[in-house]
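Here is the structure we will look at.
The values are calculated or read from the model by the stated rules, or taken from the named source; none is laboratory data. Bear in mind that the values here come from a model prediction, so they are computed numbers and not experimental data. Don't worry about glycine lacking a Cβ; one is built from the backbone with ideal geometry, like all the others, and counts go over all protein chains shown.
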Amino acid sequence: MNSVANRPTYWLTTLGCAKNQVDSEKVEAMLAEAGYAVASTPSMADVVMVNTCAFIEEARRESVETILELQDERRDGARTIVLGCMAQRFGTEVEKALPEIDAVVGLDRYDSLVPLLDRFTYGPDWQPVRLVRPAMDILHLVNRPAPTMPYAYVKVAEGCDKPCTFCAIPLIRGKQRSRRPPNIVEEVEGLVAAGVSEIVLVAQDLAAYGRDIDAPGDIVDLLGLVTAVEGVERVRLLYLYPKEVRPRLVAEMCQNPKIASYFDLSLQHAAQPLLRAMKRPGNGERFLQLIDQIREADADAALRSSFIVGFPGESAEQVEELAEFLEAASIDWAGFFPYSAEEGTPAAMLDGRVDPDEVSERLRYLSSIQENLTAEANLASVGSRVRVLIDQLEDGSAVGRSYREAPEIDGVIVLDRGSVGEWVDAEITSAYGTDREAVVVG
Ligand code: SF4
């Protein structure tokens, strides 16, 4: 046993989305409570773990590569545990393909992690002298390790009830399960007490929050509670299903000064026949109307979206339709993802596969249109004043974000001065691609 202060150690690598990141942090808090410490390197750890992603083929490949890398790095006698979506969805396949792995623990069995590590560390007959935590879904755990950034993701629900034909998430994470508002507020209070001032709310279908529980209120009511927590300076929402973005939510997001007027709308495409084949509502025209409604409520609202390219049957005309939509919508940020046929999803049975080289070409074409739009939007903001949260210091500069930039997926603002966690008013002095420069004015 390689101990930190005589405590057994583990190493945890996290892959995938912000929701997986939150899961890892809750696992870390659970292990710390049980007396386990984080190793400084994988080769120092008694147990190495990978919190995997299984969203698409590419993510699964990365998960396997990461598991094998840690296998090579771990010291003799150390154990390997696979967690996350791949463990949940393909647990048996992972065990067969990688027999040298010591355990595969799916999302709904994280409460068995501490007893498992105890067995690995102290042997099968060891009896814990500490209180054993009753079985519970880690979704509801409120403890988190000390934050490393002045922002933190808070997962308010797990799973999804939507029928999108390309998506395996409901097969992995199940039906939507919302947390109760007091449980969420307690977690937010803990994060604020630990120095966080921007809360990024996440879920698979965030705007549908609360629909599955008998607690009063929906996402707008939850926003009222979270923004009322003293010390919360900014709340940001990620993963908004367009049809769930109703006028009441738009008004709250545009009028509540503590909420980033930042709309992360997962539109996926603009061509109606494709959206119907995806079992998704709307079309380019409807989405432009929604964007107009948002901009009527706040002309400076920031918009992000994600699009699937190469969905079965996608024609060159439909790619053009999406390109025209991008030009007309002029959204600030967008991600483009190649369609991935996911086993068990209805879309995987569809004919009309698009040649992979053609998909790459379409991705290049659409991404280049968006890069120009993003750069133009940033250039147009030169001379404006924004409130910036400083996330980190880099090469002697303070680096932060305004309401327009979500962490880790959008650009940043490089400032002439400031310290981590500080909120400053700044004037944008220049812009280059996704990033901007600014001087602090107060
Ligand atoms: S709403 Fe999102 S998570 Fe839910 S099924 Fe559709 S794509 Fe998947």
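Suppose we filter segment 181-218 for residues that are within 16 Å of the ligand (Cβ to nearest atom) and more than 20 Å from the chain's Cα centre (by Cα); how many remain? Number satisfying all stated conditions: 2.
Okay, residues lined up against (1) surrounded by 21 or more Cβ atoms within 10 Å (Cβ to Cβ); (2) not in a loop (DSSP other than H, G, I, E, B); (3) not aliphatic (A, V, I, L, M):
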| site | (1), (2), (3) |
| --- | --- |
| V48 | yes, yes, no |
| N51 | yes, yes, yes |
| T66 | no, yes, yes |
| P99 | no, no, yes |
| R109 | no, yes, yes |
| S112 | no, yes, yes |
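Conditions (1) crowded, with 19+ Cβ neighbours inside 10 Å; (2) in the same structural domain as E405 (by TED's automatic domain parsing); (3) in contact with a strand residue (DSSP E or B) (Cβ under 9 Å, 6 or more places away or on another chain), marked per residue:
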residue	(1), (2), (3)
S197	no, no, yes
V202	yes, no, yes
E230	no, no, no
E233	no, no, yes
V245	yes, no, yes
R280	yes, no, yes
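When the residues of segment 122-157 are filtered to those that are at pLDDT 95 or above and outside any loop (DSSP other than H, G, I, E, B), the one that is nearest to the ligand (Cβ to nearest atom) is A157. Can you spot a residue in segment 93-102 that is β-branched (V, I, T) and under 18 Å from the mean Cα position of the chain (by Cα)? No, that holds for no residue. Every listed requirement among (1) in a helix (DSSP H, G or I); (2) farther than 26 Å from I138 by Cα; (3) among the basic types (K, R) is met by R75 save one, (1). Every test in (1) surrounded by 15 or more Cβ atoms within 10 Å (Cβ to Cβ); (2) within 16 Å of the ligand (Cβ to nearest atom) is passed by R276 save one, and that test is (1).
Here is the figure for segment 282-317: residues that are away from the ligand (no atom under 15 Å from the Cβ), surrounded by fewer than 19 Cβ atoms within 10 Å (Cβ to Cβ) and of a type in the set (S, T, N, Q) total 3.
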